[in-house]
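Here the structure comes first, spelled out in C-alpha cells, and everything after it is commentary.
The values are calculated or read from the model by the stated rules, or taken from the named source; none is laboratory data. Because the structure is predicted, anything quoted here is derived from the model rather than measured. When we count neighbours, we look across all protein chains shown, and the Cβ atoms used for this are built from the backbone with ideal geometry, even at glycine.
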Amino acid sequence: MAPRKIIIDTDPGQDDAVAILLALASPEDIEVLGITCVAGNVPLELTARNARIVCELAGKTDIKVFAGCDAPLERPLVTAEHVHGKTGLDGPTLPEPRMPLAEEHAVAFIVETLRDAAPGTVTLCPLGPLTNIARALQKAPDIADRIAGIVLMGGAYFEVGNITPTAEFNIYVDPEAAAIVFGSGVPITVMPLDVTHKALVTKARNDAFRALGTPVGAAVAEMTDFFERFDKEKYGSNGAPLHDPCVTAYLIRPDLFSGRHVNVEIETGSDLTLGMTVADWWGVTDRAPNATFIGEIDADGFFALLTERLARL
Ligand code: BDR
Ligand code: CA
C-alpha cells in the first residue's frame with residue numbers, strides 16, 4: 001500500500017516531538033507533506049522553532065515547516081510551560097534550527113494542499129489546539145469533503161481532564177476551534193487521555209530509547225526524563241504519557257488500538273466545564289456518532305514499534 005499522506009499540525013512539546021520523529025522514521029507508512037505549527041504548549045514562535053529542531057534531529061531538513069495561528073479563535077492563549085518547560089522542548093540540549101520556516105501561512109498551506117490533492121487522500125494529524133484546522137475549515141469549507149480523515153490527540157472521558165478537572169489541554173485551549181472540527185462531518189479518530197495515560201514511558205522503556213546509542217535515542221530519553229516529572233507528581237504514574245505519538249502510531253499500526261464510534265460534543269459555554277469532551281460512550285443519547293474515541297492500547301506493542309522505528313534515524 002502507498003504511504004498515507006499526512007499534514008502534522010503541532011505545538012512541540014516533547015511528546016509532539018516523538019510523534020513527529022515516529023512519522024519521519026516511517027516513510028513506507030507515512031508521507032509527511034508538511035508540518036504546520038500552532039500556539040499551544042508554548043507560544044507560536046517557539047513551537048515553530050521546536051518543530052524545525054525536531055526535523056533537524058531526524059536529519060530531515062527537506063520537510064516544510066509552516067507557522068500558523070498564534071492565538072485561539074476567540075480567547076487568549078493558555079500555555080503549558082509547567083509541563084514542557086520554558087522552551088517547550090526542555091530536557092536535551094539541541095542546536096538552534098538552521099532550516100528556514102516556509103513563508104506561507106500554515107492555514108493557507110493546509111487549504112492549498114487539500115485542494116490540490118485528490119479528494120480523500122490527505123489525513124490531518126493535529127497534536128495541539130485545533131486553531132489552524134478550524135481556521136482552514138472556516139476559510140475554505142469545501143476542504144471538509146476532501147479530507148481523508150482527522151486523527152487527533154485531544155479530549156478525555158473517563159480520565160476527565162488534565163488542565164482543569166474536566167478538560168484536556170488541547171481542547172481547553174481552543175474549545176471553539178474544537179467544536180468546529182467535531183462538527184465538520186469529517187471522519188475523526190480521537191486519542192484522548194483515556195488511551196494516552198496507558199502509553200507510559202516506564203524506566204525500562206526509557207532505557208530502551210537510550211540504549212539505541214544514537215542522538216535521537218538520547219534526545220527522546222532526555223525529553224521523557226524531563227516531561228515525566230509533571231505526571232509523576234500529579235498522578236503518581238509510572239512515567240511520562242506519550243500522548244501525541246499515539247496519533248502517528250495509529251496510522252502505522254491501527255491494530256494496536258481499540259475504541260468506540262460515538263458522539264462527541266465540545267463544551268464551549270460553561271466556565272466550570274469549558275473544553276470538556278462530552279463523549280456518549282454508553283449511547284444514552286440519540287446524537288449521531290461523529291468520532292471514533294479510542295480507549296485501549298497495546299502499550300508493549302506501541303513501545304516496541306516506537307523503539308524499532310526511532311532506531312532508524
Ligand atoms: C496534550 O497537551 C500537550 O501538553 C501535549 O503535547 C499533548 O498534545 C496532552 O493533554
Ligand atoms: Ca501537543
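Within region 117-125, does at least one residue satisfy the condition of being at negative phi, surrounded by 24 or more Cβ atoms within 10 Å (Cβ to Cβ) and not in a helix (DSSP H, G or I)?
Initially, region 117-125 is screened for residues at negative phi, giving 117-119, 121-125.
After this cut, where a residue has to be surrounded by 24 or more Cβ atoms within 10 Å (Cβ to Cβ) as well, the list is 124-125.
Subset that is not in a helix (DSSP H, G or I): 124-125.
Yes: region 117-125 contains one or more residues that are at negative phi, surrounded by 24 or more Cβ atoms within 10 Å (Cβ to Cβ) and not in a helix (DSSP H, G or I).
Scan region 212-265 for residues that are in a loop (DSSP other than H, G, I, E, B) and within 16 Å of ligand 1 (Cβ to nearest atom) and jot them down.
We begin by selecting, within region 212-265, every residue in a loop (DSSP other than H, G, I, E, B); these are 212-214, 236-239, 242-244, 253, 263.
Listed by number, the residues that qualify are Ser237, Gly239, Leu242, His243, Asp244.
Restricting attention to region 129-159, the residues that are under 17 Å from His197 (Cα atoms), small (Gly, Ala, Ser) and surrounded by fewer than 21 Cβ atoms within 10 Å (Cβ to Cβ) total 0. Scan region 77-85 and tell me whether some residue there is more than 18 Å from the chain's Cα centre (by Cα), more than 17 Å from Met153 (Cα to Cα), within 16 Å of ligand 2 (Cβ to nearest atom) and part of a helix (DSSP H, G or I). Among the residues of region 77-85, at least one is more than 18 Å from the chain's Cα centre (by Cα), more than 17 Å from Met153 (Cα to Cα), within 16 Å of ligand 2 (Cβ to nearest atom) and part of a helix (DSSP H, G or I), which makes the answer yes.
How about region 199-210: which of its residues are surrounded by fewer than 17 Cβ atoms within 10 Å (Cβ to Cβ) and either in contact with a Leu (Cβ under 9 Å, 6 or more places away or on another chain) or assigned to a loop (DSSP other than H, G, I, E, B) (or both)? Of everything in region 199-210, just one residue is surrounded by fewer than 17 Cβ atoms within 10 Å (Cβ to Cβ) and either in contact with a Leu (Cβ under 9 Å, 6 or more places away or on another chain) or assigned to a loop (DSSP other than H, G, I, E, B) (or both), namely Thr202. With respect to (1) under 15 Å from the mean Cα position of the chain (by Cα); (2) of a type in the set (Val, Ile, Thr); (3) at pLDDT below 95, the lone exception for Val38 is condition (3). With respect to being more than 16 Å from ligand 2 (Cβ to nearest atom) and either part of a helix (DSSP H, G or I) or touching a residue at least 24 places away in the same chain (Cβ under 8 Å) (or both), Leu152 falls outside the description. Being on the phi > 0 side of the Ramachandran plot, in a loop (DSSP other than H, G, I, E, B) and crowded, with 21+ Cβ neighbours inside 10 Å is a condition met by at least one residue of region 266-279. Whether any residue in region 159-170 is without any contact (Cβ under 8 Å) to a residue 60 or more places away in the chain and small (Gly, Ala, Ser) is what I want to check. No, that holds for no residue. When the test is whether a residue is assigned to a loop (DSSP other than H, G, I, E, B) and under 28 Å from Thr292 (Cα atoms), Ala102 does not pass it.
Considering the conditions (1) assigned to a loop (DSSP other than H, G, I, E, B); (2) surrounded by fewer than 18 Cβ atoms within 10 Å (Cβ to Cβ); (3) more than 16 Å from ligand 1 (Cβ to nearest atom), Lys60 is excluded by exactly one of them, (2).
Of the residues in region 73-88, at least one is surrounded by fewer than 16 Cβ atoms within 10 Å (Cβ to Cβ), within 14 Å of ligand 1 (Cβ to nearest atom) and of a type in the set (Asp, Glu).
Annotation: Val264 fulfils all but one of (1) more than 16 Å from Gly155 (Cα to Cα); (2) in contact with a Pro (Cβ under 9 Å, 6 or more places away or on another chain); (3) of a type in the set (A, V, I, L, M); the unmet one is (1).
Take the conditions at pLDDT below 95 and within 16 Å of ligand 2 (Cβ to nearest atom) and apply them to Asn170. Does it pass? If you could, list the steps in order and put the result at the bottom.
On the way: at pLDDT below 95: no; within 16 Å of ligand 2 (Cβ to nearest atom): yes.
For Asn170, the condition - at pLDDT below 95 and within 16 Å of ligand 2 (Cβ to nearest atom) - is not met.
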